[in-house]
Amino acid sequence: MKVLLAGGAGYIGSHTAVQLLRAGHEVVIVDDFSNSSPEAIRRVEELGGKKVVSYEADVKDKEKVRQIFRENDIDCVIHFAGLKAVGESVRLPLKYYRNNIDTTLTLLECMEEAGCTRFVFSSSATVYGEENDPPYVETMKRGSCSNPYGWTKVMMEEILEDAAKANPKLTVILLRYFNPIGAHESGRIGEDPQGIPNNLMPYIAQVAVGRRDHLTVFGGDYPTPDGTCLRDYIHVMDLADGHVKAVEYAENHRGVEIFNLGTGTPYSVLDIIKAFESATGVKVKYEIGPRRAGDLPKFWADSAKAQKVLGWKTKRSLEDMCRDTWKWQKNNPMGYGK
Ligand code: UFG
């Protein structure tokens, strides 16, 4: 299939692009490089062994997106082009609502004009909200989020479900990611956050490489075995494989399907620090600080549905996640160097 990756130069998009190419699909990328680098696309081509067609454009720009559909016979869209910094979304809610929702609507409208009927969406475990207890199952009702970023994901899921209800030809796959970490095993592509990392693993990696002095662990008094939060960390290459399965599933199915993409195994923040140290031999200086507003104490996936319906199973261990993160960070201390 020919797959359009909106935001395909970013962290999850670039890893998915490699796996799509390796599975024999064609890849078209549109990205405005606001939180990514064109260098990632060059490396995707190197790892995927094939060229990709790429456009530098804002996915809210309808004329440009129309042109992309005119110039390419797109079979399926994967929408990764979202803003994702939770704290920033609290400060700049309008920017988040405008960007995340407008990009989704623009893609849907252009797909309708072009007769493209398959949409795979980067959703998040955050949509389960505060009301649901782990493990999260796809049949649970969406909950309430503590921040605008999370609400954009909830709203976009609803928009996509309504669009599919109104158009029986449309296939929508909502992929709810848990906590993606790690990098391609070659160390050529990986996560390259701009400025101070918001997320745990890139922060640990930057402490390990000497770019930051120490990690602050946000809260040591949660009701968990070691007092730090529990999360379901998933290797980004397993996540990428999940997208390939979703795209192939969408080829022959109609309607909306939701899949959790997680391992089903929770780890604490201290588990991650220890695993990183033992996989890499590098010490990570840390101190326990106050809780971060909005963090839930614990959540992880029930991943049975993706296993059963997509035939997808995670293959990579926590050790792999730490080793591959470190290979990327060590070989690219300043990321893509943008
Ligand atoms: N953490 C620290 N120190 C840091 C960064 C994180 O202790 O410097 C802790 C957090 O408190 C949390 C854990 O590490 O306990 C994981 O935090 P991340 O920021 O890496 O990930 P979150 O679970 O907070 O966020 C992820 C995604 C969001 C999504 C959210 C809920 O990044 O997109 O899960 O699904 F909204």
Hits in the range 141-174 (condition: out of contact with any Leu (no Cβ under 9 Å at 6 or more places or on another chain) and open to solvent by 50 Å² or more (accessible area, probe 1.4 Å)): K141, R142, W151, M155, E158, D162, K165, A166, P168, K169
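In the set P297, P290, which member is in contact (Cβ under 8 Å) with a residue 12 or more places away in the chain, more than 27 Å from A246 (Cα to Cα) and either open to solvent by 60 Å² or more (accessible area, probe 1.4 Å) or polar (S, T, N, Q) (or both)?
Values: P297 fails: either open to solvent by 60 Å² or more (accessible area, probe 1.4 Å) or polar (S, T, N, Q) (or both).
Within the list P297, P290, the selection yields P290.
Every residue, every condition in (1) closer than 13 Å to M201 by Cβ; (2) part of a strand (DSSP E or B); (3) of a type outside the set (K, R); (4) touching a Pro at 6+ places or on another chain (Cβ under 6 Å), yes or no:
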position	(1), (2), (3), (4)
K283	no, no, no, no
R292	no, no, no, no
L296	no, no, yes, no
W328	yes, no, yes, no
Residues (more than 16 Å from M140 (Cβ to Cβ), of a type in the set (A, V, I, L, M, F, W, C) and surrounded by fewer than 21 Cβ atoms within 10 Å (Cβ to Cβ)) located in the range 251-272: L270
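Could you please let me know if M237 is of a type outside the set (K, R), more than 30 Å from G49 (Cβ to Cβ) and open to solvent by less than 50 Å² (accessible area, probe 1.4 Å)?
Taking the combined requirement at face value, the residue does not satisfy it.
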Residue check, T280 of a type in the set (S, T, N, Q) and under 20 Å from A301 (Cα atoms): no
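The values are calculated or read from the model by the stated rules, or taken from the named source; none is laboratory data. Because the structure is predicted, anything quoted here is derived from the model rather than measured. Cβ atoms come from the backbone with ideal geometry, glycine included; neighbour counts cover every protein chain shown. Surface areas here come from the heavy atoms of the whole protein model, side chains and all, with no ligands, DNA or RNA. Shrake-Rupley method; radii C 1.70, N 1.55, O 1.52, S 1.80 Å.
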